[in-house]
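The values are calculated or read from the model by the stated rules, or taken from the named source; none is laboratory data. Everything numeric here is computed off the predicted structure, so don't read it as measured data. When we count neighbours, we look across all protein chains shown, and the Cβ atoms used for this are built from the backbone with ideal geometry, even at glycine.
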Amino acid sequence: MKDRISVLITFYNQEEYVDQALKSVMDQKTDCGITVLVGDDGSDDSTREKVEEWIKKYPGQIKMFVVDRDREKCIPGFRASRNRLNLLKKVETEYFIFLDGDDRFDCDEKLKRQIEILDDPNNQDCIACGHNTDRLYPDGERVPVTSPELKEGKLEAKEYWESLYFHTDSLLIRSSVIQKIDVSLLENNFNDNLITFSVIQYGKIYYLPYSWAVYSQTGSGIWTSDKIVINQIRNMFMIDLCDQINPSMKKETKKRLKHTWYLLYKIRKQINSEELAEYSEEARNKNMDNSYKWIHYNELSRMDKFAICTKSLMLNWKICIKEKLHCNKES
């Protein structure tokens, strides 16, 4: 059976999740073969040993690539991005999909159903097929990532860009798009929605309204484990990078992420450029002007501070009015 799908799984110190992630892939019932590419980001627990056990069980089907880790110079998001892109270079199949190490597929026919959609001649205009995903909380609660009201069908780039979000665990993508991804621009930021934004400009996404994957809310992820300043700088990175990835979507990017401008305005006095040195270097190297200015906000001239604050308030004038009315009511 010819392998047509590559599942790209990224791990870092996730020994307790290795078995469930790999089992959810190996249990898939498909009419084609699956190649599993594992990227370990220098784990120092038993993650690699557990993966090796699976490799022995499925020789030739599971391959592992270990990235050396310099613990003194390590931004988690940057590391995760390089790990993903390293695996992307290894893809030799027609389709690929990412799976975070602490997540799992939750339907054994998920990939079969997705490949049927993309193989359909009527869907050749689709670059990917996605579905809903459940956030799984420590207490067992499951909450859909995407609104259950979204119906099955094809989605244009503009529609997704403005407001939608599909977790990357859900997206089976045509490998033909790999050569079109700007790796030099995204080398440190190929995470989360920037993966989807990089893909959807080359075709539609066919959406299925079923929760066929589980997104674990462990509290130790790249987003949940960081401070608010860093999280909002990352969002500003997304704004700057989206404007470079697809300038025709600037309006949609602004609409989707305008709240980032306001949040940075509200926490501007907490920004310390010395603590953000590596982010500053990334912003400068990738021509992310807005991000660079926010990182160095407290070093800007009075005029430049006024300009960036005015832009933030103008983009979010409705929020500002509501907050002012609320304050007046309380006082």
Every residue from the range 296-316 that is assigned to a helix (DSSP H, G or I), surrounded by 15 or more Cβ atoms within 10 Å (Cβ to Cβ) and polar (S, T, N, Q): Ser312
Residue match in the range 200-222 (condition: part of a helix (DSSP H, G or I) and either touching a Phe, Trp or Tyr at 6+ places or on another chain (Cβ under 8 Å) or at pLDDT below 95 (or both)): yes
Among (1) surrounded by 17 or more Cβ atoms within 10 Å (Cβ to Cβ); (2) small (Gly, Ala, Ser); (3) part of a loop (DSSP other than H, G, I, E, B), the one test that Ala128 misses: (3)
Cβ pairs under 9 Å, 6+ apart, first in the range 27-51 and over 23 Å from Tyr12 (Cα atoms) and at pLDDT 95 or above, second assigned to a strand (DSSP E or B) and β-branched (Val, Ile, Thr): Gln28/Ile5; Gln28/Val7; Gln28/Ile34
Those residues of the range 1-46 which are closer than 19 Å to Lys110 by Cα and assigned to a loop (DSSP other than H, G, I, E, B), in sequence order: Met1, Lys2, Asp27, Gln28, Lys29, Thr30, Asp31, Cys32
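Conditions (1) more than 21 Å from Glu94 (Cα to Cα); (2) modelled with pLDDT of 95 or more; (3) touching a Pro at 6+ places or on another chain (Cβ under 7 Å), marked per residue:
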{"residue": "Ile117", "(1), (2), (3)": "no, yes, no"}
{"residue": "Asn122", "(1), (2), (3)": "no, yes, no"}
{"residue": "Asp125", "(1), (2), (3)": "no, yes, no"}
{"residue": "Gly130", "(1), (2), (3)": "no, yes, no"}
{"residue": "Asp134", "(1), (2), (3)": "yes, yes, yes"}
{"residue": "Ser147", "(1), (2), (3)": "yes, no, no"}
{"residue": "Glu152", "(1), (2), (3)": "yes, yes, yes"}
{"residue": "Glu156", "(1), (2), (3)": "yes, yes, no"}
{"residue": "Ser163", "(1), (2), (3)": "yes, no, no"}
Looking only at the range 238-295, and only at residues there that are of a type in the set (Val, Ile, Thr) and within 26 Å of Trp317 (Cα to Cα), the one that is surrounded by the most Cβ atoms within 10 Å (Cβ to Cβ): Ile295
Residues satisfying the stated conditions in the range 147-175, i.e. touching a residue at least 24 places away in the same chain (Cβ under 8 Å) and of a type in the set (S, T, N, Q): Ser163, Thr168, Ser170, Ser175
Lys89 vs. criteria farther than 25 Å from Arg234 by Cβ, assigned by TED's automatic domain parsing to the domain that holds Lys180, modelled with pLDDT of 95 or more and charged (D, E, K, R): no
